[in-house]
Structures are given as C-alpha cells and as structure tokens.
1. Which of B:159, B:93, B:139 sits farthest toward the positive end of the charge dipole of chain B, with +1 on the Cβ of Lys and Arg and -1 on the Cβ of Asp and Glu?
2. In the range A:195-299, what trypsin sites (Lys or Arg not before Pro) fall in a loop by DSSP, with at most 14 other Cβ atoms inside 10 Å?
3. Where does chain B land at 222 nm, in deg cm²/dmol rounded to the nearest 500, when only DSSP H runs of n ≥ 4 count, each adding -39500 (n - 2.57), divided by all residues?
4. With springs connecting C-alpha atoms under 10 Å apart, model chain C as a Gaussian network and identify which of C:187, C:248, C:47 has the largest mean-square fluctuation.
5. Gaussian network model of chain A, Cα springs within a sub-10 Å range: biggest mean-square fluctuation belongs to which of A:203, A:133, A:305?
6. Scan around residue A:238 for amide H atoms under 5 Å from its own, H built in the peptide plane at 1.01 Å from N, and keep only partners 5 or more places away or cross-chain.
7. Leaving out same-chain residues fewer than 8 places away, which lysines sit with a Cα under 20 Å from that of residue A:91?
8. Using R₀ = 30 Å, calculate the FRET efficiency as 1/(1 + (r/R₀)^6) where r is the Cβ-Cβ separation of residue B:97 and residue B:248; round to 0.05.
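Just so it is clear, none of the values below were taken in a lab; they were calculated from the coordinates. Note that the structure is predicted; figures quoted are calculated from it, not measured. Here the Cβ is made from the backbone with ideal geometry for all residues, glycine too, and neighbour counts use every protein chain on show.
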Amino acid sequence: MEPQILVENLRKVYRVHERESGAKASITSLFHRKYREVQAVESVSFNIEAGEVVGFLGPNGAGKTTSLKMLAGLLHPTAGVATVLGHTPWKRDPDFLRNISLVMGNRNQLMWDIPAMDSFEVNRAIYDIPEAQFRETLDELISLLELEPLLKKPVRGLSLGERMKCELAAALLHRPKVLFLDEPTLGVDVTMQGRIRHFVAEQNRRHGATVLLTSHYMADVTALCKRIIVIHHGKILYDGQLSSLSDRIAPYKSVMLDMETDEAAIQAEAYGEVIERKGAKITLRIKREKTSEVVARLLSDLPVQDMTVEDPPIEDVIEQVFQQAKEAT
Amino acid sequence: MRYWVTVYRANLKIAIAQMLQYRFGILIWAVWGFVGPLISLAVWTSASVARGGGSIGAAGSGSYSRADFAAYFLTFMIVGHLTMSWDAFEFAFRVRDGNLSPKLLRPLHPIHSDVTFNIAFKLTTCVMILPAWVLLFVVLHPTPPHSLFSFLCGIPAVVMAGLIRYILQYSLAVIAFWTTRVEAINQLYFTLDAFLAGRIAPLSLLPGWMGLMAMYLPFRSMGAFPVELLLGRVPAEQILPGFIMQIAWLGAAVCVFRIMWRAGIKQYSAVGA
Amino acid sequence: MRYMRLLVVFFKTSLQTDMEYRVDFFTRILASLLGLLTTLGGLSVVFTYTSNIHGWKLADMVVLLSIYYLMDGIIEMFIGPNMRQIMEQVRQGTLDFVLLKPISAQFLATTRQINIWRMANVLIGIGLSIFSVNRLSLSIGPVQAVAFAVTMAASVGIVYSFWLFLVTLTFWVVRIDNLEQIVAQAFEAGRYPIDIYPSWLRGGLTYVIPVVFMITVPARALAGRADGPQVLTSIIIAACAVTLSSWFWRFGLKNYTGASA
C-alpha cells in the first residue's frame, strides 16, 4: 500500500541577515546586507505508513520543527518532494488541511479571552464538522482528557497543563488522519506529560491517526514511538526501530556493582570499561555479548554485595549517535 | 541633598540610555504633540481667511492676526512639549500588569524615576524636533515676541507650568489605585485642559464664562500663562500676580498629590498589591 | 455561502468576550462623548467669529465629524482588533495556526475578531449624523441614501486595504508601532475638512494616507453634496485598494512561508 507520507530529498535553506552590533554596523547594513545561508534541513528522505507513530529526535536546531512544518504545509522547501495523504503539503489544499492537525508546545491556537468551548465551536464551523460527529468526538475528548471543569473558564485562566489539554482537544475535533506534534510536552509538569502521552497513544490506537512527534525529551519518544528518526544538523542519522538502535549503536550494557571493600572495587576496574567509581561502588560498561561471561567471573572472583545490569540509557545511545556523526564529518 | 543629586543623576543616565534605544519610536511620539496645535492653527487660520484676513478678538493684547495665531500655536508646541507627561496613562497599565508593586518596594518614591524618565525624554526629543520646529517657523511667518523682558520672564514660568502640570496629572494617575477604568476621568481632565489652558484657542477668544473659569482654575498657569508671557501678551501689571498664581497652584497641587498618594497607597495595600 | 456563516459564528463568539471589556464600554462612551464635546466646543468658539470656513458651515462640519466617529468606531470594532492580532501572531509565531485552517487565511485573519464593546464611537457617529442631518433639514432621498451607503462601504474597503497593507509589512519589519501612530495622527486630522490644511498637506492626506476618501467623501454624500463621478471614483479606488492589498498579503505570505518567488 502507498505510504501515507512520502518524503524525498527534502531540503530547506534559510538566508539569514547577519549584522554586527554597534552604530557603524547599523548604518552600513542599510546599504550593504550580508547574508549567511543556514541549512536547516539538508536532504531528508523517509516514508511513513498510515497509523504509524514516529518520533523525530534531535537537539535544538536539528531541523525537526522545520521538517514538520514543511510536512504540514507551513513552509516551502528549497528542494525536494513530499506527499502527505496524496497532496503536496505547501499547496495548502483545503482537502489536505481538513485532514491534518498541528499542535505546538508553548504556542496556542485557542482564543485567549473566551472559554475553550467557544473556541471549539469556532473550529467546528471552520472545519465544517457535522453536528452529530462533533458531539461524539467532543464527548470522547472530554472524557479522555478530563476537560469537564475546564470548558467554561476563559483560557487565560487555565494552567499550562490544562491549556495543553484543551489545545489537544481543539486539534482533534475534526478527526485528522495525520497529527503533527511539535514539542507537545514543553514546559508541562511530569504528571501531565504522562497523561498527554497516554492520550496520544490512545488516539493512535482507537482512530488509527498517524502521529509525527518531535521532542527533545527522550521520555516522550520512548513512551510513544516504536520508530524513531534521529536528526542532527538537518540530516537523518538514524531511521528505524528504537529497540534496534541500542543494539546497533551502543551494543553494551551498564553493570553497577556494590563491592564489599574499596580495594575490591579497584580490582573490578580490570573487568571492563570504567564509567564511574565512588568508594566501593563502581559502574562498568561491558560489551553486550560478553556481559554474562564477565558478570560470572566478577561474582566468582570478587566480593560483590549488590549488582544491577541495565541497558544503556537511551540518552547515551543518542549521544553516541551524535558523536559518531560528528566524527564522520 | 547630595543623596538627591546622586539619585537623580543615576536615574537620568539610565533613562537617557533607554531613550536612545527607542530612537525612531520616540521621534514619532514627540511629533504627536505637534499635531494638536497644528490642527488648531489650521482651523483658526481658515477662520481668519474667511473673515478677509483681519484680526480676531478684542483689540489690544487680546487680538490675533494670522501671524499672531502662528506665533501662539508655535509657542504652544514647544511649551506643550516641555510640559507634557503621560504617567496618568502609564499608571493604570502598571497597576493592571502588576508592575507597580516592585517599584513600591524600593526606598525611593516611584515619582522620582518617572520624573527623570520624563526629563530624559524631553532632553533627547528636543534635539530631534528642533529642526522640524524651525522649519515650521520659517514656513509660517509668525509674529515675533513683543518684549525681551516678558520673554525672559516666560522661561521660569514654563518651568513652573511643567511642575504644576506634572504633579497634578500624577495625582490624577493615582486614581488608578481605586479603579483602572480611568479613561473617562483622564478625558475630562484633557477636555478642561484643552479649553482652559488655551490649547483650542487663545484664552482671550473664549466666551466670557470660559475665560472667567480659566481665572480660577490651574489650567491657565499650566499652559496659557507661560505662552502669553513668552509672546509678550501679558500686561505688565499682571505678570507678578500671574507668578503668584503659579506658586499658589503649585502648592495646592503638592498638597492634593500628597493626600491622594497616601490614600491611594492605603487602598492599594488593603486590596492586595 | 459558507463564509457568511463563518462571519456569524465569529460575531457570536466575539460577544462572549469577558466582563472586563463590557464594563469598559460605559467608560468609553463617556470618554468619547467628552472628546466630542471638546471638538464641538472648539468648533463653536471658532464659529462665533465666522460663519463659514472654506465654504463649510458649522452644520456641515458636524456632519463630517459624525462620519469621523462612525468610521473610527467601525475601525475599532472590526478592523483594528484583527490587524493587531495579526501583528501579534507574526511576532509570536502563532500565525501558523491560521495557515493550517482549511479556509482562506486572509479571511480568517482579518475577520475573526469583532470587538462589540468598542461600539461607542459608532453609536456616537450615528447619533450625531441623525442630529446634524436634522439640523441641516436635509431630506435624505433614496438616491442620497444609496450614495451614502456606497461611499461608506467604499471607505471601509479603503481603510481595510490600508491597514492590511501596513500589517503585511510586519512580515518583513516585525514592529510597525510607529507607523501605526503616524496613521492615527493623520486620521485625527480627518476630524476637520481637509480644505483647512495647506495644499502640500492635502495631497498627503488624499493619496498617501487616504483620509479624504475615508471621511470627507461619505460626509459629502450624506450632506447630499456628492456627485456621481465622486461616488464612482470611491468605488473604483476601493476596488483597486482591496485587490492590491490582498495581492500584497498573498505576496507577504509567500515570503513568510519561504516560497521562492
């Protein structure tokens, strides 16, 4: 089946006006402007099937938001082709717009001074949603997001987390087939972050909405996405399953040992790469294939009080990905 | 004494730096003050033309020819600019945005930083608008002032006018402690000021009952008096009484201000700053 | 048409705006009335010395003033709030939400907000015009009424286009607060017939910031003094203005979204 989202060699270059500070520079800049080209997105290609939940991961300025905006039709690319739901996004066909939605963390589409419910009604008119469908969707959203007490208050009186819930609801009223989420949990407290993630997962499960999520919070991605696309400096560094990423990039495990004595800990250093040692506690990095063997040896050779074996934290994995990319350039 | 000099100098430096940041915006704002008198001038000039170019008003120091009108309103542009203040608006915003409380926490009355800001504005803009004013002077051919002595007397009168005006409008600003819906009150003040300070028309041209009101209210001391002095239109025997009026009104303004401020602060802290 | 229905929805939603704005309503009426008093008072003082100014009698000036208030009120109710919101949205990056909706971005951005509570000046304008028309003992025949309605509509079109042009500039210049002020001052000058201003200023007020077409022409129409050619010119200018400014908006939008020309 045709992928729902097709991206081929998408590129976005910005011309940024450069100017130094100071009075003299401000005058000269009136006559002669210096420009610098910024490659926001360098040539990305990927395909996404209907119903997938894909996470775009990368540090700030990596090109995640720019890519998302191009797919939502808000930006024209400098080069390349993209097709979403059979449309070219930046042509901004009403049929296309009716089936997508974008939620941006920290930016509101809801009207500030009136209750959220009224903003919903406006959206209903704009998207031309039939009465019955609107009611049904709204009721579902109200119960899933616990919106009941929030609907009648003016939006400016709501807390950030409450506002985010209403924003999500507003974005889903027209049952979009593709949902773009740009840093949706930015600035929101930990509990609310969890609720938002759960809600998004539900939407995907119940309605089959395709979700593209950008974030620099690992937790968002690990909770929601099986597939991740790692972007850095506008280039895709990795596109695939989250689980295989670990295996490919960082095929090791972290072993945390609590030894009986400091000397024992010092001796343990010989068994693997030392990440950290504090007194009698030591953390080693051991190759995945060798882990059981090394652990068995440690337990028989040295007095180990306590031991934990963990997968490397996903942040480290991603860090490695970036490191490798840096070394490659 | 030295404390005040230091404080004012420091505040002034910051204020001027801030001004220079705004640059173009400040200029536009400064020119705003010119628009009113210019429109009035246009209206009165047309009236003068409609009467065949003769003078309007009772003979003597109360009559105005076209050139006299030009002189009057040109002077008002400068005097108006030097005596302007905007705290009446600013204050309401501050109360609404909650920016007032931090200022109240300082051991210095907020009026002082506002005064320096005001002075800094006038200093920087004076330089900018002078060319425009000179251009207008050349284009409009106003009647030059009649007497040097009167002109020189006008200068301290302008300073006094500025002080009275500032303190009175700050007292007005204090009303924001009770309600931020000060638009109507401010507008009332501006209407009275427009007529009785001589912005709409020279006082001698106003109907009798208005002229009488002007005698008993502070507005004349804040506007028309210094302007007329500069132009030499105040009869010699009225100069001193005029100054005494100014001093009296300044005293009254300070009293009013103190009372209002004290009551206002009480109100503000009672409601919850 | 769908867009008509949307306008109704926007209108209804705007009624919901908070108590705070509603109470402001009365203060505003009071303040506006006082402002009106100032202008009228000033005019009556001038008219004790002369019976007409450049052919305008006091009653004519009041008609002009009523149109001024009417236009000012319309701008404050319909045009101002939207244009200001667009500028704010460009600054904060939330204009994107407007672009994501499946309807014309220009329509949505320029009509979404209607500030009912700024009605004060509209009411004053209407009241004043009724009063002055009576004073002038004008009989408003159907032709005049149509001419007036048409020129008013043209005026609104011109004002809309002018503001749209200014607002589109924010795509490049982000802050145009200063320009806004200049426009406001020029509009102030429109309280009086432009004949009182020196000839060099009149040009600016006709073609640069078209105060003449915004205020003077409908005023003449109401007073029964507009002739066919003038009305026609207004319509043509309004149509051109709307077309040009819409084109400019689309151009600005293309630039904003990075479409190569």
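1. Of the listed residues, the answer is B:93.
2. A:226
3. -26000 deg cm²/dmol
4. Highest fluctuation among the options: C:47.
5. Between A:203, A:133, A:305, it is A:305 that shows the largest mean-square fluctuation.
6. A:230
7. Counting by Cα, and skipping residues close in sequence, residue A:91 has these lysines nearby: A:12, A:69, A:177, C:101, C:254.
8. 0.25
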